[in-house]
1. Just a yes or no: is a residue in region A:222-242 more than 14 Å from every other protein chain (Cβ to nearest Cβ), closer than 20 Å to A:L168 by Cα, out of contact with any helix residue (DSSP H, G or I) (no Cβ under 9 Å at 6 or more places or on another chain) and of a type outside the set (A, V, I, L, M, F, W, C)?
2. Within region A:13-20, identify whether any single residue is without any contact (Cβ under 8 Å) to a residue 24 or more places away in the chain, part of a helix (DSSP H, G or I), more than 14 Å from every other protein chain (Cβ to nearest Cβ) and surrounded by fewer than 24 Cβ atoms within 10 Å (Cβ to Cβ), and answer yes or no.
3. Would you mention how many residues in region A:185-221 are closer than 23 Å to A:V56 by Cβ and either modelled with pLDDT of 95 or more or away from chain B (no Cβ under 14 Å) (or both)?
4. Does any residue in region A:225-238 that is assigned to a loop (DSSP other than H, G, I, E, B) come within less than 9 Å, Cβ to Cβ, of a residue that is surrounded by fewer than 24 Cβ atoms within 10 Å (Cβ to Cβ) and among the charged types (D, E, K, R) six or more places away or on a different chain, and which pairs are these?
5. Does A:L39 satisfy the condition of being at the interface with another protein chain (Cβ under 10 Å from one of its Cβ atoms) and more than 23 Å from A:A208 (Cβ to Cβ)?
6. Considering region A:84-103 alone, what residues qualify as being without any contact (Cβ under 8 Å) to a residue 60 or more places away in the chain and assigned to a helix (DSSP H, G or I)?
7. Looking at (1) over 16 Å from A:A18 (Cα atoms); (2) modelled with pLDDT of 80 or more, can you tell me which one A:L284 breaks?
Amino acid sequence: MSPELVFQQALNGLSFGALLFILASGLSLVFGMMDVVNLAHGAFYMLGAYVALSVVQATGSFWLALLVAPFALGLLGFVLEPLLLRRLRGRHLDQVLLTIGVSLVIVDVIGQVWGREVRSLSAPAGLDGSVTLIGGVYPVYRLFVMAFGVALAAAMGIVYRRTRIGMLIRAGVQDAEMLGALGVDTNRLFASTFAAGAALAGLAGVIAAPVFGVQPGMDTDPGLLYSLVVVVVGGLGTLSGAVAGSVLVGPADTFGKVLFQDVALAVIFAIVALVLLLRPTGLLGRIRIAR
Amino acid sequence: MLVALGAAALVTFPYWSAPWASRFATTLLRDALILAIFALSLDLLVGRAGMPSLGHAAFFGGGAYAAGIAGQQLATDQLPVTLGAAALVGAVLALVIGVLVVRSEGIFFLMLTLALAQIVFAIAFQWTAVTGGSNGLSGIGRPMLASIDFSSPDLMYVLVAVTFVLAALVVWGLARSPYGRALIGVRENERRMRALGYDTARLRLSAFVIAGTIAGIAGALSAYSTRFVSAQDAGLGNSVRAFVTVLVGGAGTLGGPIVGSAVVSLIERVVPSILPTDLRISEALLGLVFIGFVLFARQGMAGLGRSAWLRVSRR
């Protein structure tokens, strides 16, 4: 590979990593608080992209879609948590199974409403061009994705450490039951957390749409599969883990695809295997995934 | 005795049902039996050993590809070779993934099996030179045993039904054996089992490999039935399908996975033929049924049947 190509792929990898952070942070947040791995996270991501598609078709505004889709997904999450998950509070595995059912329903309904063809969403005006960087032209939108991911991570970091909401989240991740005993309404806290996770998935769906397309199957790849890999590698339930996992998996996957093409996912497999064997908590996690 | 009669009736279904049942019934039952073999193998993990795997399709798909590719590369249609290849690939894949996942439990086990199995899917989907990639693998050979050709619909059914009976006997035998008891022990209290001197990691791994082997054979039967292997056979959708089948039927019961495969086949194949053709919502329906069972009848159809029986017999 020429140095220019390496540079370009490094940028691609980092912008994919930034997207993975937006995607995985929601999964990690919900897990941290509720001990539930939301297997409908990929379906939420997909739904976010399709809602964005409709908003852009109706109004022509990508920026409006960027607001509407996360809001719609947040609302869905806020309804689904009390409707389904709350009934099985404490039975974490069964709650995870419920999210499998939710995922089946959402993906099929998307197919029924929006059709089962490959669709596309173009980048908004102003970000649809390219700039000249070392050794070649590079799409501006990918740089925007990178900046957006970094900004979101920074914002989330500030919310975590400096605000009352962040304090509640940190306390809930430590011990949600104790938080309830101290008078916090955990029902509302859990519903809000699940809603926030869904909204982040929806946000990732909108941001990803112009780069990775809008199509059947996106709920699994990249949706659910990559967000799981990121949280396993980075560590479950911590913000820094989601950052570390994304920054590692994004570039690794991108270079894997360039170098090994047909068997690129073997690279991800190797990383997951290595992390599990050497650091069963993930790089920066607290929870042991394996003994 | 009753089981033997039932098995004989099942295996000869196309021959005695001919006057009143259609070809569709034989095909439907064949596919339901393949799903039942697949689900029985998964239940060994989910129901017995308490290992909720969401990656079982990797072994099903691996077996399907192995049977197809072995037939083409080795230029043989002999079932002992192709089914053997399917079983071997199922076992080896299960060993590789199993080594990594048996150290995890519960939700983590589920996440890891899902993620690692999806890599098998991705390789099947991308490695076009070997697997046909997104086009799938066609040109599956004929299933031959010596000089008998099983590719006619009726004989294909018989092959599937016989394999189903054998697989059910193996799984039931394992479940009742000391080995099966030990697996249940691992599910209920792994620490105590370790204290009793069992190598629980090895127990879990061996269950994973046995289940993978049987799933591989189910995959090969699917490849022969449809004369085609799709990457989706190894995909998450198929893993979810097996999992839903086990839970709807009743995990950890002898008949549950079989009842479950009947319910799932009904939803997948019969319901769409009633609904208007532009309404393709069988997956959503399956999802709703699954949610209903998880919320209200976690023990599945088998559990519902058992409590109904208790209510009746108590009167």
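The values are calculated or read from the model by the stated rules, or taken from the named source; none is laboratory data. Just so it is clear, the structure is predicted and the values come from calculations on it, not from any experiment. No Cβ is skipped: glycine too gets one built from the backbone with ideal geometry, and neighbour counts run over all protein chains shown.
1. For region A:222-242, residues more than 14 Å from every other protein chain (Cβ to nearest Cβ), closer than 20 Å to A:L168 by Cα, out of contact with any helix residue (DSSP H, G or I) (no Cβ under 9 Å at 6 or more places or on another chain) and of a type outside the set (A, V, I, L, M, F, W, C): absent.
2. no
3. 17
4. Correct list of pairs: A:G235/A:R279; A:G235/A:R286; A:L236/A:R286; A:G237/A:D35; A:G237/A:R286; A:T238/A:R286.
5. No; evaluated as a whole, the condition is false for this residue.
6. A:R87, A:L88, A:H92, A:L93, A:D94, A:L97, A:L98, A:G101
7. If we test A:L284 against (1) over 16 Å from A:A18 (Cα atoms); (2) modelled with pLDDT of 80 or more, just (2) comes out false.
One line per residue, one yes/no per condition, for (1) more than 13 Å from chain A (Cβ to nearest Cβ); (2) assigned to a helix (DSSP H, G or I); (3) closer than 30 Å to B:I97 by Cβ:
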site: B:A223; (1), (2), (3): yes, yes, yes
site: B:V240; (1), (2), (3): no, yes, yes
site: B:V244; (1), (2), (3): no, yes, yes
site: B:F293; (1), (2), (3): no, yes, yes
site: B:R306; (1), (2), (3): yes, yes, no
